[in-house]
Amino acid sequence: MAQDQVFSIQIVGLNHSGEGVGRKDGRVVFVPYAAPGDLARVRVVEERRGFARAELLSLEKESPDRVLPPCPLYLQCGGCQLQHISYDAQLAYKKRRVEQALRRIGKLEGVPVGDCLPAPRTFHYRNKARFSYSACLPPGRAARVSQQQAPCDGSLGAGELSVGDPGKPCGTRGIRDPRDVGETRSAGDAWGGRGGRGGHGGHNGCNCRCADDARSGFVSGFYGRRTHDVVDLNECLIQSDTNNKVFQALNALVTERAIPVYGDGILDEGILKHLVVRCAGDGEQALAVLVGSGGPLRDVDQVALDLMARVPELVGVVEETEDVVSAASGTSTPGLSRGVGPGRDARPRSWGHASPTVVRGTGLLREHILGLEFVVSAESFLQVNPEGMEVLYREALRAAGLSGDEVVLDAYCGVGTISLLLARECRHVYGIEAVCAAVADARRNAGLNRLENCTFIAGRAEDVLSGRSGRPPGRPGRTAYAGGERDRQAVRAVLGVGGGTAGNLGYEETKRDEHAPSRGWEAGWETSALTRCVDVVVLDPPRAGCGGHALHAVAHLEPDRTVYVSCDPETLARDLALLARAGYRTASVQPVDMFPQTAHTEAVALLLRSSLD
């Protein structure tokens with residue numbers, strides 16, 4: 001298969017990234033924005049050892065699952081992958097993705113997988129966003145980006161490629177109806193004249209809103225697919241209305257106050273690089289974080305005051321500053337960070353963050369989840385789909401099967417959301433979390449809800465659990481428990497190390513700095529806070545999964561039930577296979593759609609100790 005080769009291909013499925021999958025001459029071909037059932041005309045754009053990637057030139061036959069994406073920037077923005085597929089087909093794809101991962105990666109056959117539970121909302125569901133700001137690109141670079149990003153793909157109609165109608169606002173139909181058949185145009189032709197906000201092209205072809213805004217010179221939005229170039233937008237259709245409102249208000253202030261943005265070349269003051277905004281599930285409270293580079297933003301106090309005046313839902317504005325850190329020396333270089341921009345400095349660098357500073361109002365907001373109240377910051381980890389989160393957590397509680405007398409261990413507990421929901425239905429909960437600020441939030445949330453049967457432990461789950469099960473952290477070992485009864489007796493002998501029990505050694509009694517990091521065996525009080533018997537373990541790891549050391553330690557604890565809340569089916573399958581070798585049977589897996597219009601898939605798995613079957 002050669003670069004730029006053109007051919008027809010039948011799309012038979014979707015991969016884990018939501019790209020269409022087909023085969024040509026025995027080779028797998030991935031086609032972004034294609035739908036299962038499409039007969040597509042494609043061109044090879046990337047050749048790899050095990051697969052090829054192609055762009056869609058036209059559709060010879062459409063999938064019955066194909067729909068019109070409502071967002072006119074869908075082809076440019078990298079945030080969504082499935083807007084061109086009906087929602088019922090999205091749910092079916094996510095169930096298949098879980099089933100295929102269990103079978104191909106986990107080698108697990110016969111595991112019951114439920115139908116994917118739908119999200120309460122399919123648009124405007126996200127309560128957190130990170131918008132990027134950049135100076136508008138020079139005309140030559142803008143033209144190159146336009147050609148590179150033009151995917152010629154099949155979210156368009158059969159036989160026709162169009163990226164939107166110039167002059168239409170975001171959220172209106174910008175893609176030709178699939179029922180209209182016309183001549184196929186090239187990528188460059190389809191992308192020509194397409195510029196910034198709502199389809200307007202800027203002066204000299206630059207990628208900004210120069211043509212219709214009082215002030216030009218910057219773009220703001222999300223990064224384009226597989227690029228670090230900002231796609232200029234006015235609203236995001238999967239973001240909450242409140243988040244979009246804050247974003248639009250800041251854009252107006254950037255224009256009115258001539259706030260310098262990333263890539264402006266400004267050398268004597270801070271520049272705006274990102275806006276992080278989070279709102280409560282009901283949209284009535286929001287926090288904004290202005291992420292700058294090179295120093296405080298000019299007149300940041302007045303900017304915050306104006307922003308809160310324009311968006312009454314804002315309860316606070318926080319400023320966070322990035323500095324460039326030299327990759328070679330590790331030293332901060334504020335002057336460099338103020339002047340760099342996309343493509344302007346090739347020296348290796350990374351970004352360091354100063355502590356956030358509350359400029360106006362508060363740095364916290366209140367969120368309600370299944371009858372409990374939580375206080376969180378803008379950067380705290382919390383599921384970004386509030387209504388979908390309640391569906392997910394109900395499934396986790398159902399899988400835990402609590403009767404009221406259990407001791408539960410919640411690894412990767414974050415700010416204590418799952419822990420506190422469990423605490424209402426069991427005797428005691430122990431939560432483990434690596435981020436010390438999150439541990440402080442979890443303890444505060446427990447007090448806010450008057451739940452006293454919770455203990456939160458600072459440390460990485462794999463380190464704390466490894467210390468708990470008698471193996472020093474970081475020591476190489478087998479990835480699954482396979483010992484005999486003698487090993488189990490040795491483990492049980494270690495379970496009481498430190499002499500503490502759940503009843504007489506709480507976290508607050510250690511008199512240790514809550515912000516100090518801690519790692520299993522390095523702090524004996526950590527392991528002594530855990531009880532001798534854990535009935536249920538809840539695992540809610542990041543996308544990378546748990547890993548062998550943590551699962552090895554979980555198996556040593558011998559819980560009757562383990563509930564695994566996963567945000568990645570592939571790492572879930574890998575970890576379930578490791579637990580299977582440790583004597584745990586996967587009883588069920590329930591997919592949950594937390595992220596409509598994207599390929600991301602959540603799932604709740606229930607594992608039972610084999611001796612209890």
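Pairing residues of segment 219-242 that are closer than 14 Å to Tyr262 by Cα and assigned to a loop (DSSP other than H, G, I, E, B) with residues that are at pLDDT below 95 and among the basic types (Lys, Arg), at Cβ distances under 6 Å and at least 6 apart in sequence or on separate chains, gives no pairs at all. Restricting attention to segment 299-319 and to residues that are in a loop (DSSP other than H, G, I, E, B) and in contact (Cβ under 8 Å) with a residue 40 or more places away in the chain, the residue that is surrounded by the fewest Cβ atoms within 10 Å (Cβ to Cβ) turns out to be Asp299.
For segment 211-228, the set of residues classified as at pLDDT 85 or above, open to solvent by 10 Å² or more (accessible area, probe 1.4 Å) and hydrophobic (A, V, I, L, M, F, W, C) consists of Phe222 only.
Looking across segment 374-394 at every residue that is in contact (Cβ under 8 Å) with a residue 40 or more places away in the chain and open to solvent by 50 Å² or more (accessible area, probe 1.4 Å), the one that is farthest from the chain's Cα centre (by Cα) is identified as Glu387.
Check Ala143, Ala158, Ala129 and return the single one that is of a type outside the set (Val, Ile, Thr), at pLDDT below 85 and open to solvent by less than 30 Å² (accessible area, probe 1.4 Å).
Values: Ala143 fails: open to solvent by less than 30 Å² (accessible area, probe 1.4 Å); Ala129 fails: at pLDDT below 85.
Being of a type outside the set (Val, Ile, Thr), at pLDDT below 85 and open to solvent by less than 30 Å² (accessible area, probe 1.4 Å) holds for just one of Ala143, Ala158, Ala129, which is Ala158.
For segment 229-251, the criterion of being modelled with pLDDT of 90 or more, over 24 Å from the mean Cα position of the chain (by Cα) and among the aliphatic types (A, V, I, L, M) is met by at least one residue. Output the residues belonging to segment 601-613 that are open to solvent by 10 Å² or more (accessible area, probe 1.4 Å) and over 22 Å from Glu390 (Cβ atoms). Hits for segment 601-613 are Leu608, Arg609, Ser610, Ser611, Leu612, Asp613. The sole residue among Tyr393, Tyr430, Tyr412 that is in contact with a Ser or Thr (Cβ under 9 Å, 6 or more places away or on another chain) and within 20 Å of Val534 (Cα to Cα) is Tyr430. Among the residues of segment 586-600, those identified as closer than 23 Å to Gly548 by Cβ and either touching an Asp or Glu at 6+ places or on another chain (Cβ under 6 Å) or crowded, with 19+ Cβ neighbours inside 10 Å (or both) are Thr586, Val589.
Scan segment 42-61 and tell me whether some residue there is open to solvent by less than 30 Å² (accessible area, probe 1.4 Å), under 25 Å from Thr122 (Cβ atoms) and of a type in the set (Ser, Thr, Tyr). Break it down into steps so the answer makes sense when it comes.
Going through segment 42-61, the residues open to solvent by less than 30 Å² (accessible area, probe 1.4 Å) turn out to be 42, 44, 52-59.
Next, only the ones that are under 25 Å from Thr122 (Cβ atoms) stay: 56, 59.
Then keep just the ones that are of a type in the set (Ser, Thr, Tyr); that gives none.
So far as segment 42-61 goes, no, none of its residues is open to solvent by less than 30 Å² (accessible area, probe 1.4 Å), under 25 Å from Thr122 (Cβ atoms) and of a type in the set (Ser, Thr, Tyr).
Of all the criteria given as (1) within 27 Å of the chain's Cα centre (by Cα); (2) in a helix (DSSP H, G or I); (3) at pLDDT below 85; (4) not hydroxyl-bearing (Ser, Thr, Tyr), the one not satisfied by Gly263 is (2). Checking each residue in segment 79-91 for being open to solvent by 30 Å² or more (accessible area, probe 1.4 Å) and within 21 Å of the chain's Cα centre (by Cα) picks out Gly79, Gln81, Tyr87. The residues of segment 302-316 that are among the aliphatic types (A, V, I, L, M) and farther than 18 Å from Asp241 by Cα, listed by number, are Val303, Ala304, Leu305. Scan segment 74-125 for residues that are under 23 Å from Pro64 (Cβ atoms) and of a type in the set (D, E, K, R) and the total you get is 7. Screening segment 423-462 for residues that are more than 24 Å from the chain's Cα centre (by Cα) and assigned to a helix (DSSP H, G or I) and picking the one that is surrounded by the fewest Cβ atoms within 10 Å (Cβ to Cβ) gives Gly447. Just so you know, in segment 560-585 the residues that are within 25 Å of Ala119 (Cα to Cα) and out of contact with any strand residue (DSSP E or B) (no Cβ under 8 Å at 6 or more places or on another chain) include one that is most open to solvent (accessible area, probe 1.4 Å), and it is Glu570.
The values are calculated or read from the model by the stated rules, or taken from the named source; none is laboratory data. Just so you know, these numbers come straight off a predicted model, no measurement behind them. Every residue, glycine among them, receives a Cβ derived from its backbone with ideal geometry; neighbour counts consider all protein chains shown. For accessibility, only protein heavy atoms count, side chains too; no ligands or nucleic acids. Shrake-Rupley method; radii C 1.70, N 1.55, O 1.52, S 1.80 Å.
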